[in-house]
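The values are calculated or read from the model by the stated rules, or taken from the named source; none is laboratory data. Treat the numbers as computed from the prediction; the structure is a model and nothing was measured. Reconstructed Cβ throughout: ideal geometry from the backbone, glycine too, with neighbour counts over all protein chains shown. Note: areas computed on protein heavy atoms with side chains; ligands, DNA, RNA excluded. Shrake-Rupley method; radii C 1.70, N 1.55, O 1.52, S 1.80 Å.
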Amino acid sequence: MGCVRAGDVAVLAVRVGVGATIFAHGAQKLFGWFGGGGLKGTAKGFEGMGYRPGETTALAAGLSEAAGGASLALGLATPAGAAAVAGAMGVAAEMHSANGFFNTEGGLEYPALIGLTAASVAVSGPGRISLDEVTGHAFDRPWMRAAALASVVPAISFVVARRRRALAEEAAAENA
């Protein structure tokens, strides 16, 4: 494992804090744990926000958050987990952007900060106190970090564009 430094402990704390928090959000969406709506309730909510189809979108968001959060917390396949969290939070931040910046007003502050933190962990790596370290970084290579981060913006753009298109079509149908 090598010499553990203060930075390794710091990235462990960030990984576990962010990973566990986002895992819980994903578990709310997927299983209804921690007071969540489960897949059906989340799908209904997503449909109401313009995400079509709601169930597929809820499943993708829940898996991104639960699996990505677990990956971050464990420090295993960190680039993929960090990219999943950053992507999910990027979509959430865009959705909340109409409410301004601050979370107290329903703004983008919280998801943007979580997404940026996850992306930063992808760049910095999981640290020496991680399962990636134990596995010899089999799932945490420099090229994997670059590929994971490069996938985030196109993924966010795809989901946001699909939502905007669905909302525009809905508005046009109502006005017709």
Self-check item: Label-to-label distance, nm, for residues given as A147 and A161 (7 Å Cα→Cβ offset)
Solution: 2.3 nm
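Would you mind putting 73-86, 6-19 in packing order, based on average other-beta-carbon counts within 10 Å, highest first? It would help to have the intermediate numbers written out before the result.
Numbers: 73-86: 26.2, 6-19: 16.8.
By packing density, highest mean first, the sequence is 73-86, 6-19.
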Quiz item: Tell me, what ³J(HN,Hα) does each residue in the stretch 98-115 have, in order and in whole Hz, if you take phi through Karplus 6.51 cos²θ - 1.76 cosθ + 1.60 with θ = phi - 60° and put x for Gly and Pro?
Solution: 5, 8, x, 8, 6, 4, 4, 9, x, x, 8, 3, 5, x, 5, 5, 5, x
Exercise. Run through every distinct alpha carbon pair of the stretch 1-109 and return the Kirkwood hydrodynamic radius in angstroms, one decimal place.
Key: 14.6 Å
Quiz item: Given Cα pairs under 8 Å that are at least 6 residues apart, what percent is the relative contact order of the stretch 9-68?
Solution: 35 percent
Quiz prompt | Solvent exposure of the stretch 1-83 as accessible area per residue, Å², 1.4 Å probe | solution = 46 Å²
Exercise. Return a whole-number percent for the relative contact order of the chain, with Cα pairs under 8 Å and 6 or more residues apart as the contact set.
Key: 24 percent
Practice problem: Return the sequence-ordered ³J(HN,Hα) values of the stretch 77-87 in whole Hz as given by the Karplus equation 6.51 cos²θ - 1.76 cosθ + 1.60 applied to θ = phi - 60°, using x for Gly and Pro. | Solution: 6, 4, x, 5, x, 5, 5, 4, 5, 4, x
Practice problem: List the pair-distance distribution P(r) of the stretch 112-156, using every Cα-Cα distance, as the percent of pairs falling in each 5 Å bin from 0 up to the bin containing the longest distance, rounded to whole percents. | Solution: 5, 21, 28, 24, 14, 7, 1
Practice problem: Kindly sort Y110, Y51 by accessible area of their heavy atoms, largest first, with the probe set to 1.4 Å. | Solution: Y110, Y51
Quiz item: Could you give me the ³J(HN,Hα) list for the stretch 11-27, computed from phi with Karplus coefficients 6.51, -1.76, 1.60 and θ = phi - 60°, whole Hz, x at Gly and Pro?
Solution: 5, 4, 4, 5, 4, 5, x, 5, x, 5, 4, 6, 4, 4, 4, x, 5
